[in-house]
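Engineer: Structure incoming, see below.
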Amino acid sequence: MARERLYLFDTTLRDGAQTNGVDFTLHDKLVIAKLLDDLGVDYVEGGYPGANPTDTEFFSERRPLRCTFTAFGMTRRPGRSASNDPGLAALLAAEANAICFVAKSWDYHVRVALETTPEENLASIRDSVRAAKAKGREVLLDCEHFFDGYKANPKFALACAKAAYDEGARWVVLCDTNGGALPHEVERIVSEVVKVIPGSHVGIHAHNDTEQAVANSLAAVRAGARQIQGTLNGLGERCGNANLVSIIPTLKLKAEFADRFDIGVSDAQLKTLAHISHALDEILHHAPNRHAPYVGESAFATKAGIHASAIVKDPATYEHVSPDMVGNRRKVLVSDQAGRSNVLAELDRIGIKVDKDDARIGRLLEVVKEREAIGYAYEAADASFELLARRMLGKVPSYFDVEKFDVNIEQRDNAVGQRVTVSMAVVKVKVGGETLISAAEGIGPVNALDVALRKDLGKYQGYINGLELADYRVRILNSGTEAVTRVLIVSKDETGEHWTTIGVSPNIIDASFQALMDSIIYKLVRSGAPA
Ligand SMILES: [Zn+2]
């Protein structure tokens, strides 16, 4: 049987931009559009030209993209002609390959929100599609509130969809705007729609208000729809839109879909999925969701010893797909619940060859347990675990010694009489035979210490120039005067690799210092710096 083509439409830059706390700049939009283009989605909806300056500018020139670059906007207003509607004119003027109109398809909304007649709503759809076609654009119609509208008045909802299709719209997109539809309802209603409009012209736009947006999208495809709209990481208003980062691997890796459909994302592009998901988080300054399906740090992480020992024998025992297919990796967590097999699996992953009966393995496991008892959490700090393991197996050179450091916080008036708090750190480091002293000011004491520590490492400086701190997390364990501080630092380098290190101490500066040191030493080990 010939495989059918299924199209992916991304609306991260339009519907995703409605997310609470998300405010894309033009530069963000350009970067994200490129990510989506590289991933292989078919359509990128860039925004709503005419509605705000950023979107208007985004559509002011041709963007060098392979995908069908799409502008979004409303059909002509009721009571106006298509040629006398400034909103429609701005949309038609946009430098886009396609125009996606949004129109009402629920008679209740036509009456109450739009305050017009069903006939005028249909005429507005027809006129707008015709005007965009005349401009040479591919046309899509988002039928707003389609599922609620269909439940209330199926005849009218279908008439709206059919009006656009008959006028030559390439796609009629059924929107679950309030996000309340359930998969079996979507499947039933879409199967009715495709009796009137061929499925190869029907799309689904699902919101996640009952956490079914992905399931609803797949249900629509089962019923015959051939375009899926969604966003990266499920970004979107309220509970978000259908998450393309979950949908894409499901379409590629689950036989029910993979055997029947082709999508624009190749196997090689699929391997970049985790990276693209994390790149978006980075742009938004979001911490990545560790538990995100397929791409989260924990998506292929196994903690219990019994699972770990089976995974070492054959990963398929506890994994639904192979993590490398989506650019993720298997992780066997080393923690106080870990067995020998977790430790062996993790050593194998990081490339430390050791005999499974080596006595040092048992000793390493004991040290992990002792340290976790006082607050360390190695399952969250892969790089610190790797260093601990390498040290116990005698494989970490002693690159440099910090002989002493001093961190000073001072509150005073500055030159223009403002009250300021200044942090300053001085670090004395011995590298080879050389003693180096560096001083730095910072935004806070930890920042000052970090800057001073990385300012001059003598012959090792070249190895750490690309090192950056990506995230810094502090947690106070216990309570009262016995409190202990746990610091986790996420670092990254010029190759895009991320790693996490940990420090624990009653003193936050000391805990931070441990995590900073581990981060630097890990980078030196990774870069193959000589002893
Ligand atoms: Zn939406």
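Every number here is computed from the coordinates shown, using simple stated rules; none is lab data. What you see is a predicted model; the values in this text were computed from it and never measured. FYI the Cβ positions are ideal-geometry reconstructions off the backbone, even for glycines, and counts take in every protein chain you see.
Engineer: What distance in nm separates the two pseudo spin-label positions at residue 317 and residue 441, each 7 Å out from Cα along the beta-carbon direction?
Structural biologist: For residue 317 paired with residue 441, the spin-label model returns 5.9 nm.
Engineer: Further, regarding this structure: Using +1 at the Cβ of each Lys and Arg and -1 at the Cβ of each Asp and Glu in the chain, identify which of 414, 507, 177 lies farthest towards the dipole's positive end.
Structural biologist: 177
Engineer: Let me ask you something else. Which aspartates and glutamates have a Cα lying under 18 Å from the Cα of residue 133, excluding residues fewer than 8 positions away in the same chain?
Structural biologist: 45, 85, 95, 142, 166, 167
Engineer: Take the Cβ-Cβ distance between residue 411 and residue 434 as r, set R0 to 25 Å, and report the resulting FRET efficiency rounded to the nearest 0.05.
Structural biologist: Calculated transfer efficiency: 0.10.
Engineer: Counting residues in the chain as N, plug N into 2.2 N^0.38 Å and put the Cα Rg over that result.
Structural biologist: Relative to the 2.2 N^0.38 Å estimate, the chain comes out at 1.18.
Engineer: Would you work out which of 147, 79, 112 lies farthest towards the positive end of the dipole of the chain, given +1 charges on the beta-carbon of Lys and Arg and -1 on that of Asp and Glu, about the Cα centre?
Structural biologist: 147
Engineer: Please compute the alpha carbon radius of gyration of segment 204-277, then divide it by the globular-protein estimate 2.2 N^0.38 Å. Two decimals is fine.
Structural biologist: That ratio works out to 1.06.
Engineer: Continuing with the same structure: Cα atoms only, segment 103-150: Rg and Dmax in Å?
Structural biologist: 11.6, 34
Engineer: Let me ask something else. Could you give the length gained on full extension between residue 114 and residue 222, defined as 0.36 nm per residue of separation minus the Cα-Cα distance, in nm?
Structural biologist: So the extension gain works out to 35.6 nm.
Engineer: Relative to the Cα centre, what is the charge dipole magnitude of the chain, using +1 at the beta carbon of each Lys and Arg, -1 at the beta carbon of each Asp and Glu, and rounding to the nearest 20 debye?
Structural biologist: 720
Engineer: Below 8 Å between Cα atoms, with a sequence gap of 6+, how large is the relative contact order for the chain in percent?
Structural biologist: 9
Engineer: For the chain, what does -39500 (n - 2.57) per DSSP helix run (n ≥ 4), summed and divided by total residues, give at 222 nm, in deg cm²/dmol to the nearest 500?
Structural biologist: So the helix-based figure for the chain works out to -11000 deg cm²/dmol.
Engineer: What is the log10 of I(q)/I(0) for segment 268-390, computed with the Debye formula using one identical point scatterer on each Cα and no solvent, at q = 0.12, 0.21, 0.23 Å⁻¹?
Structural biologist: Normalising to I(0) and taking log10 leaves -0.48, -1.21, -1.33.
Engineer: Still on this structure: For a test of the definition: using alpha carbon positions, the gyration tensor, and the 1.5 limit on a/c, classify segment 359-420 as rounded, prolate or oblate.
Structural biologist: prolate
Engineer: Past 19 Å, Cα to Cα: identify those pairs from 430/492; 29/252; 104/151; 395/523; 313/353; 254/313, in the order given.
Structural biologist: 430/492; 29/252; 254/313
Engineer: Compute log10 of I(q)/I(0) for segment 455-531 with the Debye formula, placing one identical point scatterer on every Cα and leaving out solvent, at q = 0.11, 0.23 Å⁻¹, to two decimals.
Structural biologist: The computed values of log10 I(q)/I(0) come out as -0.32, -0.99.
Engineer: Right, here's the next one. Below 14 Å, Cα to Cα, which aspartates and glutamates can residue 428 reach? Residues fewer than 8 away in the same chain don't count.
Structural biologist: Correct list for residue 428: 401, 403, 406, 450, 456.
Engineer: Please report how far the C-alpha centroid of segment 107-183 lies from that of segment 431-470, rounded to the nearest whole angstrom.
Structural biologist: Answer, in whole Å: 60.
Engineer: Please find the FRET efficiency linking residue 303 to residue 239, where r is the Cβ-Cβ separation and R0 is fixed at 30 Å, and quote it to the nearest 0.05.
Structural biologist: 0.60
Engineer: Follow-up. Evaluate segment 10-140: find the radius of gyration of its Cα atoms, find its Kirkwood radius, and give the ratio Rg to Rh.
Structural biologist: Reported Rg/Rh, Kirkwood definition of Rh: 0.99.
Engineer: Let me ask you something else. Pulled fully out, how much extra length does the chain show between residue 459 and residue 83, if you take 0.36 nm times their separation in residues and subtract their Cα-Cα distance?
Structural biologist: That pair, residue 459 and residue 83, stretches by 128.4 nm at full extension.
Engineer: Based on the alpha-carbon gyration tensor of segment 396-531 and its eigenvalue square roots a ≥ b ≥ c, which shape applies: rounded if a/c is under 1.5, prolate if not and a/b is larger than b/c, or oblate?
Structural biologist: oblate
Engineer: ³J(HN,Hα) across segment 132-138 via Karplus (A = 6.51, B = -1.76, C = 1.60, θ = phi - 60°), whole Hz, x for Gly/Pro?
Structural biologist: Karplus values, whole Hz, x for Gly and Pro: 6, 4, 5, 7, x, 8, 6.
Engineer: Could you rank the peptides 61-72, 96-107 by their average count of other C-beta atoms within 10 Å per residue, with the highest value first?
Structural biologist: Put in order of decreasing packing, that is 96-107, 61-72.
Engineer: Ok, one more. Equivalent ellipsoid semi-axes for segment 109-199, as square roots of 5 times the alpha carbon gyration tensor eigenvalues: give them largest first, rounded to whole Å.
Structural biologist: 22, 16, 11
Engineer: Convert each backbone phi in segment 221-236 into a coupling constant with the Karplus relation 6.51 cos²θ - 1.76 cosθ + 1.60 (shift: θ = phi - 60°), then list the ³J(HN,Hα) values in order as whole Hz, x for Gly and Pro.
Structural biologist: 5, 4, 7, x, 5, 10, 10, 10, 9, x, 9, 5, 6, x, 4, x
Engineer: Could you compute the net charge surrounding residue 103? Neighbours are other residues with a C-beta less than 13 Å from the C-beta of residue 103; K and R count +1, D and E count -1.
Structural biologist: In short, -1.
Engineer: While we're on this one: Based on Cβ point charges of +1 for Lys and Arg and -1 for Asp and Glu, what charge dipole magnitude is obtained for segment 349-449 about its Cα centre, in debye rounded to the nearest 20?
Structural biologist: So the dipole magnitude of segment 349-449 works out to roughly 220 debye.
Engineer: Based only on Cα atoms, what mean projected area does the convex hull of segment 91-244 have, in nm²?
Structural biologist: 8.5
Engineer: Starting with the highest mean, order 292-300, 466-474 by the number of other Cβ atoms within 10 Å, averaged over the residues of each peptide.
Structural biologist: 292-300, 466-474
Engineer: Any idea what the dipole of segment 1-96 comes to, in debye rounded to 20, about its Cα centre with Lys/Arg Cβ at +1 and Asp/Glu Cβ at -1?
Structural biologist: 320
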